[in-house]
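Student: Here it is, the structure, as structure tokens.
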Amino acid sequence: MIYALQALCLLISILLVLLMIAVLRTVHAKVFRKRTSSYVPLGDKEREEEYANKLSQMVKINTVSRSGVDKPEKIYDFHALLRELFPLVHENLEKTEINGNLLFKWKGEKSDKPIVLMGHQDVVPAEGKWKHEPFSGDIEDSLVWGRGTADTKCTVMAFFQAVEELLKEGYKPKEDVYLSSSCTEEWAGPGCPSLVDHLRRQGIKPFLVCDEGGGIIRDVLGGVKGDFAVMGIVEKGMCGVRFTAKSTGGHASAPTKNSPIARLAKFVNAVEKKSPFERKLIPEVRLFFKTVADYSSFPLALVFGNLWLFGPLLVRLMPLISAQGAAMLGTSICFTMQSGSDAFNVIPAEASVTANIRFGKNQGKEESLKIITEMAKKYGLETEILLANDAMPSPDMNGEAYKLVERVIKQTFPTIVSVPYVMTGGTDARFYQEICDTCVRFAPVLYGPKQMKGMHGIDECISVSCLPGAVDFYKNVIKASGDQNGKE
């Protein structure tokens, strides 16, 4: 008993010493490394007005796309507008169009390290009551309003405008530059794969692909203040799964135990109560938290800056801090659809719930599906995989292409800090990973709380003040890609 108490006291003493070390490290960082990361727009009113007007016209064309719904006339109206807004691009670049999907090639002096700048033409449906009509393109309160302003006609406008201005200056790229824009991104359709196949057939292997996904994010987590250049480097996989419970049915006046809906409810409750998937701090996530630690409130800085001690605690508490942060830690599941009997007084012979699963890098498609399938069996449920793609690997963060993007971010936005990020949503960039080793998901525009809420939601908008910086970012990427080792 005495030895046990001595061991307990020793353990407590060690923990107190470790805690004191962590506290002192955090105090030192807060006192001697006071840091800020903020986005300071250029304040160029003339350019802001020009770019906002172009984006406004692009938003006015309804390019909503859905799986199985073909409305090419809207896409071709959009193409006509692009020709009008960016005439030099269309006169000087080689254009490939495949079923509404666009690929422009700007021939450089060399073709050794081609780069791809990309964003999509299509948008999600606009439902609900909006402050400004979703396809109005209104410019008010220093914002451009409408579906697609933030996701992602802003970046399409910006990289087309960047090339337009460079052409006007007589600039000749050192390396080939491609502008890629699909019209099926919002439903993971065949658009981008068709463009990738086109490049693959020509033996083209891009040196760098820069797509949407990350961005200049304001207040990335609760308790973390500032604007950060969030670079999406890991894209989670995605899967649709249907869980079905069957029975002999019957009249609801004489109910039996464990009806299909009851079994589904127990299953859903069990998953919601305790996720069957592992949460883990993979290296990319560790670097994310380590980077934002110096910009966090003291309690979070204590945890984020000392993951060697608080890592296990963070993994347990993150779901209470941030849903977005929790999603970066592993595979997630969300139940989205359900079906049962067609009458209120009939026990269904078959009922189902459908879930959206996002595979983490630590537990990929095969392992995650095995876990959830085995869990469903315990409740007498059948599992049907509707579609699935695995998590994508991250690029070499010490590689030349990744470092190029980091340098251009610092060059274009010198007052903000860049940080790696695990993409919880999906992008077209994952198709390019079949032919490119470095796909970075970074849109060079400001996404504050209003913008984050509006994407795929109501009242989508983007600040006009961030548009000149977005154009400059793409111009700088193009120029830097031809320099030796990607350096200025």
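Student: Give the whole-number value, in cubic angstrom per residue, of the convex hull volume spanned by the C-alpha atoms of the range 253-293.
Tutor: Details: hull volume 3.8 nm³, N = 41.
Here the figure is 93 Å³ per residue.
Student: Next up: With all protein chains present, calculate the accessible area of Trp106 using a 1.4 Å probe and round the result to the nearest 10 Å².
Tutor: The accessible area comes out at roughly 10 Å².
Student: Could you give me the ³J(HN,Hα) list for the range 121-134, computed from phi with Karplus coefficients 6.51, -1.76, 1.60 and θ = phi - 60°, whole Hz, x at Gly and Pro?
Tutor: Each residue's phi maps through the Karplus curve to give 7, 7, 9, 7, x, 10, 10, x, 9, 9, 5, 10, 3, x Hz.
Student: Another one. Hey, if we sort Leu287, Leu179 by accessible area with the 1.4 Å probe, largest down, what's the order? Working shown, then result.
Tutor: Numbers: Leu287 65, Leu179 5 Å².
Putting Leu287, Leu179 in descending order of accessible area: Leu287, Leu179.
Student: If you line up the Cα atoms of the range 391-488 on their principal axes, what length do they span on each, largest first, in Å?
Tutor: Per principal axis, max minus min of the Cα coordinates gives 44, 32, 20 Å.
Student: For Cys436, Cys334, give me the order by solvent-accessible area with a 1.4 Å probe, most accessible first, ignoring ligands, DNA and RNA.
Tutor: On the way: Cys436 0, Cys334 70 Å².
Result of the area sort, largest leading: Cys334, Cys436.
Student: Calculated FRET efficiency, Leu317 and Lys266, Cβ-Cβ r, R0 35 Å, to nearest 0.05? Mind dumping the intermediate values first?
Tutor: Numbers: r = 27 Å, r/R0 = 0.77.
In this case the efficiency is close to 0.80.
Student: Tell me the relative contact order for the range 213-319 as a rounded percent, counting alpha carbon contacts under 8 Å between residues six or more apart. Please list the in-between numbers first.
Tutor: On the way: 76 pairs, mean separation 22.0, N = 107.
Once divided by the residue count of the range 213-319, the mean separation gives 21 percent.
Student: Which of the peptides 320-326, 119-125, 151-157 is most tightly packed, and how do the rest follow, going by the mean number of other Cβ atoms within 10 Å of each residue?
Tutor: Numbers: 320-326: 15.3, 119-125: 23.4, 151-157: 27.6.
Result, highest mean Cβ count within 10 Å first: 151-157, 119-125, 320-326.
Student: Over the chain, what is the mean sequence separation of C-alpha contacts under 8 Å (at least six apart), divided by residue count, expressed as relative contact order in percent? Let's see the in-between values first.
Tutor: Details: 980 pairs, mean separation 123.7, N = 488.
Rounded, it is 25 percent for the chain.
Student: Given Cα positions, please report Rg to Rh for the range 40-181, the hydrodynamic radius being the Kirkwood one. Can you show the working numbers first?
Tutor: Numbers: Rg = 15.9 Å, Rh = 16.1 Å.
In the range 40-181, Rg relative to Rh is 0.99.
Student: Peptides 439-450, 293-304: what's the order by average Cβ count within 10 Å, highest mean first? Can you show the working numbers first?
Tutor: Working: 439-450: 23.0, 293-304: 19.7.
So the peptides 439-450, 293-304, ranked by packing, come out 439-450, 293-304.
Student: Moving to a separate point now. From the phi angles alone, apply the Karplus equation (6.51, -1.76, 1.60; θ = phi - 60°) to the range 446-463 and give each ³J(HN,Hα) in whole Hz, x where the residue is Gly or Pro.
Tutor: Taking θ as phi minus 60°, the curve returns 7, 10, x, x, 5, 5, 5, 6, x, 5, 6, x, 9, 6, 5, 7, 9, 6 Hz for the range 446-463.
Student: Given Cβ point charges of +1 (Lys, Arg) and -1 (Asp, Glu) and nothing else, what value in debye, to the nearest 20, does the dipole of the chain about its Cα centre take?
Tutor: Working: 59 positive and 57 negative charges, 408 e Å.
Magnitude of the dipole: close to 1960 debye.
Student: Which log10 I(q)/I(0) values does the chain give at q = 0.07, 0.12 Å⁻¹ under the Debye formula, counting every alpha carbon as one identical point scatterer?
Tutor: -0.43, -1.12
Student: Another question about this same structure. Under the Karplus relation 6.51 cos²θ - 1.76 cosθ + 1.60, θ = phi - 60°, what is the ordered set of whole-Hz ³J(HN,Hα) values for the range 351-364, x standing for Gly and Pro?
Tutor: 9, 8, 10, 10, 10, 9, 10, 10, 7, x, 5, 6, 10, x
Student: For the range 378-453, calculate the relative contact order in percent as a whole number, restricting contacts to Cα pairs under 8 Å that are 6 or more residues apart. Before the final figure, lay out the partial values.
Tutor: Values: 24 pairs, mean separation 23.1, N = 76.
Relative CO of the range 378-453 lands at 30 percent.
Student: With N set to the number of residues, divide the alpha-carbon radius of gyration of the range 265-413 by 2.2 N^0.38 Å and report two decimals.
Tutor: 1.35
Student: While we're looking at this one, here's another question. Along the charge dipole of the range 29-134, pointing to its positive end and built from +1/-1 on Cβ of Lys, Arg, Asp and Glu, which listed residue (Leu102, Ala80, Val124) has its Cα farthest out?
Tutor: The residue sitting most towards the positive pole is Val124.
Student: Could you report the chain's accessible area per residue, 1.4 Å probe, as an integer in Å²? Write out the running numbers ahead of the final one.
Tutor: Details: 22510 Å² over 488 residues.
That works out to 46 Å² per residue.
Student: Going Cα to Cα from Lys225, which aspartates and glutamates come in below 16 Å? Please leave out same-chain ones fewer than 8 positions away.
Tutor: The reachable aspartates and glutamates, counting only those whose Cα sits under 16 Å from Lys225, are Asp294.
Student: Evaluate the Debye formula for the range 192-319 with equal point scatterers sitting on the alpha carbons, no solvent, and hand back log10 of I(q)/I(0) at q = 0.12, 0.16, 0.18, 0.22 Å⁻¹, in q order, two decimals.
Tutor: At q = 0.12, 0.16, 0.18, 0.22 Å⁻¹ the computed log10 ratios are -0.78, -0.96, -1.06, -1.31.
Student: Which order do peptides 171-178, 364-371 fall in by mean Cβ count within 10 Å, highest first? Mind dumping the intermediate values first?
Tutor: Numbers: 171-178: 19.0, 364-371: 16.6.
Those peptides, ordered most packed to least, come out 171-178, 364-371.
Student: Pairs to check: Lys45/Lys479; Lys60/Lys290; Lys236/Lys273; Lys45/Lys113; Lys172/Lys403; Lys60/Lys172. Give those whose C-alpha atoms are more than 30 Å from each other in this structure. Walk me through the numbers on the way to the answer.
Tutor: Numbers: Lys45/Lys479 25 Å; Lys60/Lys290 42 Å; Lys236/Lys273 23 Å; Lys45/Lys113 35 Å; Lys172/Lys403 23 Å; Lys60/Lys172 33 Å.
Where the Cα-Cα span goes over 30 Å, the pairs concerned are Lys60/Lys290; Lys45/Lys113; Lys60/Lys172.
Student: How high is the FRET efficiency between Lys172 and Lys225 when r is their beta carbon distance and R₀ equals 35 Å, given to the nearest 0.05? Write down the numbers at each step before the final one.
Tutor: Working: r = 43 Å, r/R0 = 1.22.
Given R0 = 35 Å and the Cβ-Cβ separation, E is 0.25.
Student: What percentage of the solvent-accessible surface of the chain, computed with a 1.4 Å probe over protein heavy atoms, is contributed by carbon and sulfur atoms?
Tutor: Working: 12320 of 22510 Å².
With neighbouring chains kept in place, the figure for the chain is 55 percent.
The values are calculated or read from the model by the stated rules, or taken from the named source; none is laboratory data. These figures come from a predicted structure and were not determined experimentally. Cβ sites come from the backbone with ideal geometry, for glycine too, and all protein chains shown count toward neighbours. Note: areas computed on protein heavy atoms with side chains; ligands, DNA, RNA excluded. Shrake-Rupley method; radii C 1.70, N 1.55, O 1.52, S 1.80 Å.
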